[in-house]
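Derivation of every value follows stated rules applied to the coordinates shown; laboratory data play no part. Bear in mind the structure is a predicted one, so any value in this text is a computation, not a measurement. With ideal geometry, Cβ positions are generated from the backbone for all residues, glycine too; neighbour counts draw on all protein chains shown.
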Amino acid sequence: MAPPHTKVAIIGSGPAAHTAAIYLSRAELKPVMYEGMLAGGTAAGGQLTTTTDVENYPGFSKGIGGSELMDEMRAQSIRFGTEIVTETIARVDLTSRPFRLWMEYSDGENDEPAHTADAVIIATGANARRLNLAGEEKYWQNGVSACAVCDGAVPIFRNRPLAVIGGGDSAAEEAMFLTKYGSHVTVLVRKDKLRASKTMAKRLLANPKVTVKFNHVALEIQGEDKPRGLMTHLKIQNVVTGEEEVMDANGLFYAVGHDPATALVKGQLETDEDGYVVTQPGTSYTSIPGVFAAGDVQDKRYRQAITSAGSGCIAALEAEKYLADLEDDDQPQLEKDTQAKKPEANGDSSAPEYRSNPLL
Ligand code: FAD
Ligand code: NDP
């Protein structure tokens, strides 16, 4: 049996994906969204599900919880007719049309795709980075975490000294969040300045339960030497003097940035040196016409909920135009341009039921 077909599939479930879904479903294009099942370790709803209050998203004068905001977006997507599938897409084939999408655990060579689509919006966001410190694997989730909001309230951190690594907005936010639970929070910043916004930096530095150690890096996580033992100490180093010390720390939280979730499209879509999907400036157009990218997966500069939502809107409008052109049986203009540049066809002749993509 042929897999179900949709005009437009959205992969991802953060603000970019949901904004695209809202626009496309209101345009009656019946989008299908694969929201992920703990894709890349993040719950459906994306990065905002790992935070407390979002204070800078317009429309919520008193702020709104990150998960609550994403629940609202999801409800809005469904309200207008988006079909949401709670599965992770493990493989895509963007080299022939219709594009093909396989779900996790059904992505073998001989497995039928879960869906085919005329257009695809990639909105897979980004994942928290780890540092691979000595002891990290042993004490991961036994003191070491990449999400203070998710893990900070657990008893092992109550009234204990905690540490955060990073100097960005996440580090500032997470450190301040952790002061509710820990006895004191030390923030290790590898440079002599914070990258966080001025407001966040000011709040962090003024917090009496926080010590910011500039020019410091972590070297080793130490702790109980038994199965499921907990971390108890952190060996750190001043990178200017070279001096090392071992500090008490029952919790260590990474806030060292994110990697774009682009493994899915690697080798098919053009990506930059840091792995972000390359889009034409001011648009969601990727290197393959009919494939659009929105949100943090293509934005290493702003990475905000509102910019992700804005780019999701752009992707939806551009996908809508693309599909309208296809329906008119008129090859979309962008395809023609691309074809003119890349005349050689690259279709998959072993799969005759799928037309080769004339754009490649
Ligand atoms: P993401 O939010 O990254 O979500 C993408 C999601 O798609 C993934 O998490 C996963 O669930 C799903 N997915 C991924 N791969 C697949 C796949 N293969 N198949 C199916 N599904 C998949 N920004 C603000 O504006 N204000 C804030 O206050 C704020 N606070 C933040 C606090 C923290 C702790 C963090 C980490 C970030 C914060 N940000 C904030 C940034 C903001 O969360 C991001 O910019 C925004 O969420 C990016 O949205 P996105 O749509 O690109 O995708
Ligand atoms: P950022 O990339 O902004 O910051 C990462 C931090 O980690 C930097 O200070 C960086 O140091 C440090 N770092 C990276 N690698 C290492 C390493 N190997 N060892 C030690 N330190 C390291 O990421 P964030 O997650 O903080 O923020 C991502 C986006 O989300 C940003 O756009 C931010 O504005 C947004 N955000 C907004 C919030 C808000 O508005 N309330 C809250 C949280 C996030 P260096 O500076 O030296 O490179």
Using helices alone, what [θ] at 222 nm do you get for the chain, with -39,500 (n - 2.57) per DSSP H run of 4 or more residues, divided over all residues and rounded to the nearest 500? -7000 deg cm²/dmol
Calculate one ³J(HN,Hα) per residue across region 79-96 by plugging θ = phi - 60° into the Karplus curve 6.51 cos²θ - 1.76 cosθ + 1.60, and present them in order as whole Hz with x for glycine and proline. 3, 9, x, 6, 8, 9, 10, 8, 9, 9, 7, 9, 8, 10, 10, 9, 8, 9
Integer Hz, Karplus 6.51/-1.76/1.60 couplings in order for region 268-283, x for Gly and Pro: 10, 9, 5, 10, 8, 5, 9, x, 6, 5, 7, 10, 5, x, x, 9
Ordered by fewest other Cβ atoms within 10 Å, a rough proxy for footprinting exposure, Ile236, Ile10, Ile121 read Ile236, Ile121, Ile10
Consider a paramagnetic label point 7 Å from the Cα of Arg130 along Cα→Cβ; state which residues of region 220-235 have an amide N under 15 Å from it. 221
What does the charge count near Tyr276 come to, summing +1 for each Lys or Arg and -1 for each Asp or Glu among other residues with Cβ under 13 Å from its Cβ? -3
Where in region 1-62 are there trypsin sites (Lys or Arg not before Pro) that are in a DSSP coil and have at most 14 other Cβ atoms within 10 angstrom of their Cβ? Lys62
Counting pairs of alpha carbon atoms under 8 Å apart in space and at least six apart in sequence, what relative contact order in percent does region 163-271 give? 27
Subset of Lys226/Lys266; Lys180/Lys235; Lys202/Lys300; Lys138/Lys191; Lys226/Lys300; Lys198/Lys321 violating a 29 Å alpha-carbon distance limit: Lys226/Lys266; Lys226/Lys300; Lys198/Lys321
Which residues in region 55-71 have a backbone N closer than 17 Å to a point placed 7 Å from the Cα of Ala153 along the Cα-to-Cβ line? 64-71
Net charge around Asp71, counting only other residues with Cβ within less than 14 Å of its Cβ (Lys, Arg = +1; Asp, Glu = -1)? -1
How do the peptides 315-322, 241-248 rank, highest first, by the average count of neighbouring beta carbon atoms within 10 Å per residue? 315-322, 241-248
Using θ = phi - 60° and the Karplus curve 6.51 cos²θ - 1.76 cosθ + 1.60, what whole-Hz ³J(HN,Hα) does each residue of region 112-127 get, with Gly and Pro shown as x? 5, x, 6, 7, 10, 8, 6, 9, 10, 10, 8, 9, 7, x, 9, 10
20 °C / 1.002 mPa s Stokes-Einstein diffusion coefficient of region 130-254, Kirkwood radius on C-alpha pairs, µm²/s: 151
Please report, largest first and rounded to whole Å, the three semi-axes of the ellipsoid equivalent to the chain, where each semi-axis is the square root of five times an eigenvalue of the C-alpha gyration tensor. 42, 21, 19
Explain nothing, just the number: relative contact order of region 76-233, from Cα pairs under 8 Å at least 6 residues apart, as a whole percent. 17
Where trypsin sites (Lys or Arg not before Pro) fall in DSSP loop in region 111-156, at most 15 other Cβ within 10 Å: Arg129, Arg130
Hey, can you grab everything whose amide H is under 5 Å from the amide H of Ile10? Only 5+ residues off in sequence or another chain; H modelled, so Pro and N-termini drop out. Val32, Met33, Tyr34, Ile121
What residues qualify as long-range amide H neighbours of Arg91, i.e. H under 5 Å apart, gap of 5 or more or another chain, H built at 1.01 Å from N? Trp102
Can you work out the FRET efficiency for the pair Asp71 and Lys213, with r the C-beta to C-beta distance and R0 = 35 Å, to the nearest 0.05? 0.40
Under 5 Å from the placed amide H of Leu252, counting only residues 5+ away or on other chains, we find Val144, Ser145, Ala163
Taking Cα pairs under 8 Å and at least six residues apart, what relative contact order does the chain come out at, in percent? 19
Sort the following peptides by mean Cβ neighbour count (other Cβ atoms within 10 Å, averaged over residues), highest first: 253-265, 195-207. 253-265, 195-207
